[in-house]
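I have placed the structure first, in the form of structure tokens, so that the comments after it can refer back to it.
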Amino acid sequence: MPWEWQKEKGGGHRLHLFHDGEPVASFDVEIAEEWATIRHVAFHQPKEEAWREILSYWRGQGLKGLRLERREPHAPPFLTPSIDFTALPVVENAFLWQHRQGAHHLSLQGNGWSYRTQGMSLGQQNGRPYRADFSWEGQADWTLRRLTLTWGAQKVEVHHDGRGTWLAKDGRPLPGAGDARQLFLWLTPFSHTAALRFLQMRPELQGTFVALELIPVEAAAPLPADEGASFGQLLFRRVRHRYEPLGGGRYRWSREEAGTREILRVDEESWLLEGGGWVLLARERG
């Protein structure tokens, strides 16, 4: 076995991690209320995959999540100060939604460390038919890392550097992106799933965050050049989103600057069942 865990001889809360027989790290760990809390980590030889193995190990113990008592230099950025295993993307699913203006098909694959969705939307906008295809890639904390979208002759590609900057394909920062924490794409109800899971890991945000939205130009109010990024017929702009839990899988969703208010109904995994003009028609679990 390439990875091996050993408990400290004589009991106690210390564990040792080995890779191919070589020591990688030692941990002081306490278990309470179905959470593992790491008090201290000592890496003997940092390995890129070590934290993936650490997360996989504790998830395999049937725990709810992992906490760090203090910031560890080799920990991934999203593991501060905790990570809820129930929110990690370890699935392979396919979905079909109907919208008042069309339909949307989505597939998602997740390995617990990252995820990727591929979607296709068919519909009409202002009486004109459209087809949009996209790929959305993100990490275990449900932050977007890369979006590629094709809308007719328009192709948009953006990515996030993980340090607060949104970049275009050529590496230029997107104007007006500012403090946007997440992406919201109106073409897919997956935007709500990603938002709710993003918030689940960040209770301090109290259900509110600023999102970078990609919308058709004809639906956008005119923006100064430094407050939006144009891609032909598509435009990025910042909008504050709020998800207020109402109980029973229901949320009141609002886009404050846009004046949108909707009631959403989701399942136990935060997939949209109904709301915002969408209705889930079918789902296939992998």
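Here are some notes:
- Within the range 182-203, the set of residues being among the basic types (Lys, Arg) and without any contact (Cβ under 8 Å) to a residue 12 or more places away in the chain comprises just one member, Arg202.
- Pair list, Cβ < 9 Å and 6+ apart or interchain, from the range 158-170 residues that are under 18 Å from Phe209 (Cα atoms) to residues that are of a type in the set (Ser, Thr, Tyr): His160/Thr143; Gly162/Thr143
- Scanning the range 16-70 for residues that are among the acidic types (Asp, Glu) and within 27 Å of Tyr115 (Cβ to Cβ) yields Glu34, Glu48, Glu49, Glu53.
Results for (1) over 21 Å from Gly164 (Cβ atoms); (2) touching a Cys at 6+ places or on another chain (Cβ under 9 Å); (3) at pLDDT 95 or above, shown as yes or no for each residue.
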site: His192; (1), (2), (3): yes, no, yes
site: Phe198; (1), (2), (3): no, no, no
site: Glu204; (1), (2), (3): no, no, no
site: Leu214; (1), (2), (3): no, no, no
site: Ala221; (1), (2), (3): yes, no, no
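- Subset of the range 258-275 that is under 19 Å from Leu187 (Cα atoms) and assigned to a loop (DSSP other than H, G, I, E, B) - its residue that is modelled with the highest pLDDT: Trp271
- Assessment of the range 70-92 against the conditions (at pLDDT 85 or above and more than 15 Å from the chain's Cα centre (by Cα)) yields no matching residue.
- Qualifying positions in the range 144-177 - more than 21 Å from Leu106 (Cα to Cα), exposed (fewer than 15 other Cβ atoms within 10 Å of the Cβ) and touching a Leu at 6+ places or on another chain (Cβ under 9 Å): Asp161, Thr165, Pro173
- Checked against the criterion of being aliphatic (A, V, I, L, M), part of a strand (DSSP E or B) and modelled with pLDDT under 85, the range 17-32 contains not a single residue that satisfies it.
- Long-range neighbours under 7 Å by Cβ, at least six apart or interchain, first residue in the same structural domain as Arg59 (by TED's automatic domain parsing) and within 17 Å of Gln182 (Cβ to Cβ) within the range 109-136, second at pLDDT 80 or above and surrounded by fewer than 18 Cβ atoms within 10 Å (Cβ to Cβ): none
- Residue match in the range 104-117 (condition: exposed (fewer than 15 other Cβ atoms within 10 Å of the Cβ), at pLDDT 85 or above and over 18 Å from the mean Cα position of the chain (by Cα)): no
The values are calculated or read from the model by the stated rules, or taken from the named source; none is laboratory data. Here the structure is a predicted model, which means the values were calculated and not measured. Here the Cβ is made from the backbone with ideal geometry for all residues, glycine too, and neighbour counts use every protein chain on show.
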